[in-house]
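Take a look at the structure set out below.
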Amino acid sequence: MNRTVPRATSEEIQLYRSTLYSLLRSSSEIKIRTLEEVHAGMNSLMHPGARESVPDVSAFIYSTMRLPDCMPDVQTVILGQNADVFRRHGIPNVENWQPVSARARRRKCFFDQQDTLACYIASRSDIEDVVPALTAFQMEWNKIHLLLSQWPRSVDLSTVLEQPEALSRLSQVIRIPMDDLERLRSVWQNRFIPILKQIQQKGLSISVRLLGGSLTQYMKATHEWFENIKNAVPGLLERPVYFISSNTHSLTNVLTGFALQHVTELERYIHESGDVDLQSEWERIQQGQARANRENFLYYLLKKYQTTVEGAESQNQQIQDENAKGILRIPPEHTFDIEAQVIDLHKIPFETLDPRLVTGESITFLKDSDALILNIDYPLGLAIYNIISTVSVHTNLAGIYVMGKSASLNAAIGDIILPTVCQDEHSHNTYLVKNCFCAGDVSPYLTFGTVLDNQKAVSVLGTFLQNAHIMDVFFSEGFADIEMEFGNVCSALYEATRPKRYPMDEIVNLQDSEIDFGVLHYVSDTPLSKGRNLGAGTLSYFGMDSTYAATIAILRRIFDQEKRRLAA
């Protein structure tokens, strides 16, 4: 189709990307400080205070949460697709380094425990995520470092937590309001003082190096990732496959009912933990006084319990339970960090399912099913295009379902958005899709939020690569759902159902796709607040509500599709 929908463009962001990739073509390391000017020039909504001398705490926290905790000691960051790429560039034993991870990004990283961090990347979206985060982190660290030079050497920073007036004085010296300082304390926790001392002692000068950034190498890494799954699941290529991109806990929780079978153990944990909030919430749920769903609370509780010493064995028990019920977890090997799960539908035990899955008519017909669910841990940006393209080549895809976080310009945190239009900033296409989900499929399972269907989404290049100009264009055209993957899924769906590669800069109608297709986004961020809630961390307990509402909707859709397929 000819294009009539205007495209949002930003010369500043185009300049940033051009500068970034021009520098990364170098065979040597490049200094992050080389990018600081064009980074600030983007006027990113995620880093509005980049040019200010006052620290931008929201940008600092946001980048901190998306980088490993070893960053204060890192001088060089090396990006590559897999272990083989590192080996061919003279780093043969990178996986023997210390494994490290970020709290708000899944990316396989290794630290040499001196000054070098190595990260596996799945696509150029990872580059456009890592490098801006490194830049924001360094810029804000160095602002605080400069301001801390005014802190009197005679006063030990360790005392600021012992004397309220000292903490107030620190707030004034580093020009960070007390509430933002408390946010930093909640992120760094017991590392608050040690990190402040590191910032006081030294500024940062991080370098970055890209190993093998060709499209071919990203595809090789993806094929290596899929080969690992294929080898673990004999018959995968011959059986119908329902592909889901979501997470690694919600599907298994509702399909096995593991937490629901260990209520006594979880109740004991509640009472022994001394957590008054948990105890109070559980009592209110028991008495029918809380709006929260009982099953969701138990799933949340199980996750917390398994992070404790007492609950560590429960993780092994859960994996054994999953295996017995036809669910196989397949961790990635020597490549990017995207775990997969393969679920055999005919092995699902009806007696332990989440009760929301078995309301109404019987689902015993699944005993005759030969279909599999391939669920992957939600990838970033272009990686999902590579993955779906690979999966569609090798398997018989019966459905594609995507559940992920998004930012919204008009909804509230915890709402669920069901888009039918996607403006993709990678291909510059506007995709029109028939989303198999409507509000009525999700609303019965959502307690706190609202379901908004028939919405318009935009797939942006990266969280930092958007500014007020772009947001204004999106919003004026009704594109209020902002994320990074939907457009790439549409591009892969196009190639799975059409005889050619996806086009560029067109309006593309995918409403007649022969593959069942559904997208559910739950709102985790509101960027017009200029990043304050983005830096706050995760949706935590109340995020369970939207996560499990979407999960139940996806599984019920698959069950319905499988019933029709078997009947036919």
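Just so it is clear, none of the values below were taken in a lab; they were calculated from the coordinates. Keep in mind it's a predicted model, so treat the numbers as computed, not measured. Reconstructed Cβ throughout: ideal geometry from the backbone, glycine too, with neighbour counts over all protein chains shown.
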> Cα gyration tensor of segment 215-567, axes a ≥ b ≥ c as square roots of the eigenvalues: rounded (a/c below 1.5), prolate (a/b > b/c) or oblate?
Replying inline: oblate
> Between T308 and N410, 0.36 nm times their residue separation minus their Cα-Cα distance comes to what?
Replying inline: 32.9 nm
> So if R0 is 45 Å, what FRET efficiency would E29 and K434 give, r being the distance between their Cβ atoms, rounded to the nearest 0.05?
Replying inline: 0.40
> Over segment 215-567, what is the mean sequence separation of C-alpha contacts under 8 Å (at least six apart), divided by residue count, expressed as relative contact order in percent?
Replying inline: 23
> Which shape class, rounded, prolate or oblate, goes with segment 426-568 when its Cα gyration tensor gives a ≥ b ≥ c as root eigenvalues, a/c under 1.5 marks rounded, and past that a/b bigger than b/c marks prolate?
Replying inline: oblate
>> Among DSSP bridges having both ends in the chain, what percentage is antiparallel? Round to the nearest 5.
In response: 35
>> Would segment 26-71 count as rounded, prolate or oblate if I go by the C-alpha gyration tensor, calling it rounded below 1.5 in a/c and otherwise prolate when a/b exceeds b/c, oblate otherwise?
In response: oblate
> Under 16 Å from the Cα of K563, which lysines turn up, not counting those fewer than eight places away in the same chain?
Replying inline: K347, K367
> Once the Cα atoms of segment 446-525 are picked out, what are the Rg and Dmax in Å?
Replying inline: 14.4, 44
> What list do you get for S246, S168, S546, S476 if you sort them by fewest beta carbons within 10 Å?
Replying inline: S476, S168, S246, S546
> Ranked highest first by the average count of other Cβ atoms within 10 Å around their residues, in what order do 87-98, 68-79 fall?
Replying inline: 68-79, 87-98
> What's the center-to-center distance, using Cα atoms, between segment 417-448 and segment 237-262 in Å?
Replying inline: 22
>> What does the charge count around P349 come to, taking other residues whose C-beta lies under 14 Å from its C-beta (Lys +1, Arg +1, Asp -1, Glu -1)?
In response: -2
> Quick one: which of 143-152, 479-488 comes out on top by average Cβ neighbours within 10 Å, and what's the full order, highest first?
Replying inline: 479-488, 143-152
> Which Rg and Dmax, in Å, describe the Cα atoms of segment 11-210?
Replying inline: 17.5, 55
> List the aspartates and glutamates whose alpha-carbon lies under 19 Å from that of K500, not counting same-chain residues fewer than 8 positions away?
Replying inline: D424, D512, E514
> What angle, in degrees between 0 and 90 and rounded to the nearest 10, separates the Cα long axis of helix 11-24 from the longest principal axis of the Cα atoms of the chain?
Replying inline: 80
